[in-house]
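Everything on this sheet refers to the single structure shown next.
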Amino acid sequence: QVTLVESGGGLVQAGGSLRLVCAASGRDFSSFAVGWFRQAPGKEREFVAFINWSGGTEEYANSVKGRFTISRDNTLNAAYLQMNSLQPEDTAVYYCGAGSDYGAVRNAVRLSWGQGTQVTVSS
């Protein structure tokens, strides 16, 4: 298990940007794949982005492709989600999750989760 803490959320106008941070502690963070997920009010948690242990492989949900960028810095034990061109439909609580591999993260199976950070986009 690894302990995760998200930060960087807030209120932003449509078209604006935010950078979310997922800070990790505990076990060797560099051995984990990481995903960002979000949950809007009344909806199920959904996948947003994936990055593998080395940062060499990324995947995005179609709804954020071209606007969001996932990255990580294993020397700082952190992962990031740069969100540009934000829209009201991006409003949600954003979570990072760490797991053993792509399948675990993509299917949200046996992940370590952070507490989430609220992102609100006004129109």
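Checking each residue in the stretch 77-113 for being in contact with a Ser or Thr (Cβ under 8 Å, 6 or more places away or on another chain), under 24 Å from residue 16 (Cα atoms), surrounded by 19 or more Cβ atoms within 10 Å (Cβ to Cβ) and of a type in the set (Gly, Ala, Ser) picks out only 79.
If you go through the stretch 85-97 and keep only what is farther than 13 Å from residue 47 by Cα and within 14 Å of the chain's Cα centre (by Cα), you end up with just 91. Screening the stretch 1-102 for strands (runs of 3 or more DSSP E) wholly inside it with 2 or more residues that are of a type in the set (A, V, I, L, M) and within 19 Å of residue 118 (Cβ to Cβ) returns the ranges 2-7, 10-13, 18-26, 46-51, 78-83, 92-99. Quick check: anything in the stretch 59-75 on the phi > 0 side of the Ramachandran plot and in contact (Cβ under 8 Å) with a residue 12 or more places away in the chain? The answer is no, given that none of the residues of the stretch 59-75 is on the phi > 0 side of the Ramachandran plot and in contact (Cβ under 8 Å) with a residue 12 or more places away in the chain. Of all residues in the stretch 1-59, those satisfying the criterion of being surrounded by 16 or more Cβ atoms within 10 Å (Cβ to Cβ) and modelled with pLDDT under 95 are 2, 29. Being farther than 17 Å from residue 4 by Cβ and within 14 Å of the chain's Cα centre (by Cα) holds for only one residue in 43, 65, and it is 65. Only residues that are in contact (Cβ under 8 Å) with a residue 60 or more places away in the chain and either closer than 19 Å to residue 105 by Cα or hydrophobic (A, V, I, L, M, F, W, C) (or both): list them for the stretch 83-92, please. 83, 86, listed by residue number. Among the residues of the stretch 61-76, those identified as open to solvent by less than 60 Å² (accessible area, probe 1.4 Å), more than 22 Å from residue 43 (Cβ to Cβ) and not hydroxyl-bearing (Ser, Thr, Tyr) are 72, 73, 74.
The values are calculated or read from the model by the stated rules, or taken from the named source; none is laboratory data. Predicted model, so just to flag it, every value in this text is computed and none were measured. Please note: Cβ atoms are built from the backbone with ideal geometry, for glycine as well, and neighbour counts cover all protein chains shown. These area figures cover heavy atoms from the full protein model, side chains too; ligands, DNA and RNA do not enter into them. Shrake-Rupley method; radii C 1.70, N 1.55, O 1.52, S 1.80 Å.
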